[in-house]
Amino acid sequence: MRSVDHSAGDSLTVRGFRLPPLWLAVATVAAAWVAGFGIAGWVLLFVQKPIHSDFRVFYVAGEAVTRNGFSRIYDLSTLRALSSVFPAGQNTIEPSTAYVNPPLLAWLIAPLTAFPYPAAYAVWTAVLLAALVWSWWITCSAVGLAKVTLLLAALALWPVIDDLYYGQSCLLILGLVAAAWWLCDRQRPVAGGIALALATMLKPQDIFVVPFALLASGRVRPFVGWSAGCAVLAVLFWISLGQAGVKDWGAALAYEQQGGLPSQFTATGALPGLLALGLEALQAALGLLIAWKKRAQLELVFAAGLIGSIAAAFFLHQSDYSVLVLAGWLILRTAPSRLHLAWLGVGIATMQAVSLSMPVPQLIWNGAWLLGMTVSSFVGTARRNWRDGHALSNPRV
């Protein structure tokens, strides 16, 4: 007869082997299935159409660096000429879809152009996966099956799969911000600030509130490291592009803005201009306020900065929301309340909706997340003050 021990709380022991709690087993299986579905779809789409629109643009921008010089990565005629070798229907570059990222991404892709496009894409996505795994490994405080489930849950989020499929840089940004947190946590704040500067110069809109959240929390040295790193990179960008290259970059950004698609995933795309601007500014301010109130907890400072950045951004693609995975992992390190955990669970559904071109639920979730964390910060402070005052007025004998 099978021996079953129910004395371990939510877990069971069967013949000396402790089974995981039912909720964890269900979560693991569900995350594995959805992650498997997403990864299988990614591979299938790559087999059917191996030329991905976003990474192709990054690839030819990298080729422009190696073949035509640093100043030509935003030149439309150069990018079109380099893209002409791709199959018909996958070789066009329009002004609204040209390379618009800061030069750093093209510099990183440039060495990969020594390989054929499929090999370069494979190497790049391996780097992105490695960045995700690195971030998970250093930030997830869970152990055993729970820790594995958190990685599977990240891979089950469609914005993460979008980042891998299109070869975007969001997961690399996630890895750099995780490194910045890790370095700051180990008393290497300037190095952490430099890592944050590298992330900023890949996609500023994804994390632009984070360095100011660090400053609001009283951490001046990482802010100085970030400022210095950004200044050095900005000078290098200017020197490498020259006046003509900077002008081409400005024109590319203007065309991209006219397209309107990136704004679709922000408050700017959902609300009238001034109202959207005010809401975005308010959400950035809430991120800074949380960072100030929770300044003793570095994880919450970084998380508040990440949430505030995404909520306040006016220029996002669906894959940019993948950086919120890191915010969730960092919050889980702080033993959040059950209500907070439930809200993180709701975010799984809203994140999936983003990749279905339904950003409004995610926009509402972002704002409610910030508001809830703000209220919780003030309520927690009031409770501590009351307990401290009560203890002083009723000393033990």
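The values are calculated or read from the model by the stated rules, or taken from the named source; none is laboratory data. Treat the numbers as computed from the prediction; the structure is a model and nothing was measured. Here Cβ is always computed from backbone atoms with ideal geometry, including for glycine, and neighbour counts include all displayed protein chains. Surface areas here come from the heavy atoms of the whole protein model, side chains and all, with no ligands, DNA or RNA. Shrake-Rupley method; radii C 1.70, N 1.55, O 1.52, S 1.80 Å.
Before moving on, here are some points about what is shown:
- Charged side chains reduced to their Cβ positions (Lys and Arg at +1, Asp and Glu at -1) give the chain a dipole of some 1240 debye around its Cα centre.
- On Cα atoms only, tilt of 144-155 relative to the major axis of the chain in degrees: 40 degrees
- Distant-in-sequence amide contacts of Met201, defined by a placed amide H-H separation under 5 Å and a gap of 5 or more residues or a different chain, comprise nothing.
- Contact order relative to length of the chain, as percent, for alpha carbon pairs under 8 angstrom and 6 or more apart: 16 percent
- Here the spin labels are modelled as points 7 Å beyond Cα on the Cα-Cβ line, and at Trp137 and Ala342 they lie 3.6 nm apart.
- Here Asn91 and Val43 are evaluated by their C-beta separation; at R0 = 22 Å the FRET efficiency comes out at 0.40.
- Accessible carbon and sulfur surface of the chain relative to its total accessible area, %, 1.4 Å: 69 percent
- Electrostatic tally near Arg72: other residues with Cβ closer than 15 Å to its Cβ, Lys and Arg +1, Asp and Glu -1, net 0.
- Cross-link partners of Lys203 among lysines (Cα-Cα below 23 Å; sequence separation of 8 or more within a chain): Lys247
- Think of the chain as having a plus end and a minus end, set by charges on the Cβ of Lys, Arg, Asp and Glu; of Gly62, Ala25, Leu171, Ala25 sits farthest toward the positive end of this dipole.
- Helical runs assigned H by DSSP (4 residues or longer) give the chain a calculated mean residue ellipticity at 222 nm of -23500 deg cm²/dmol, each run adding -39500 (n - 2.57) before division by the residue total.
- Listed residue (Thr125, Phe223, Ser77) projecting farthest to the positive dipole end of the chain, Cβ model: Phe223
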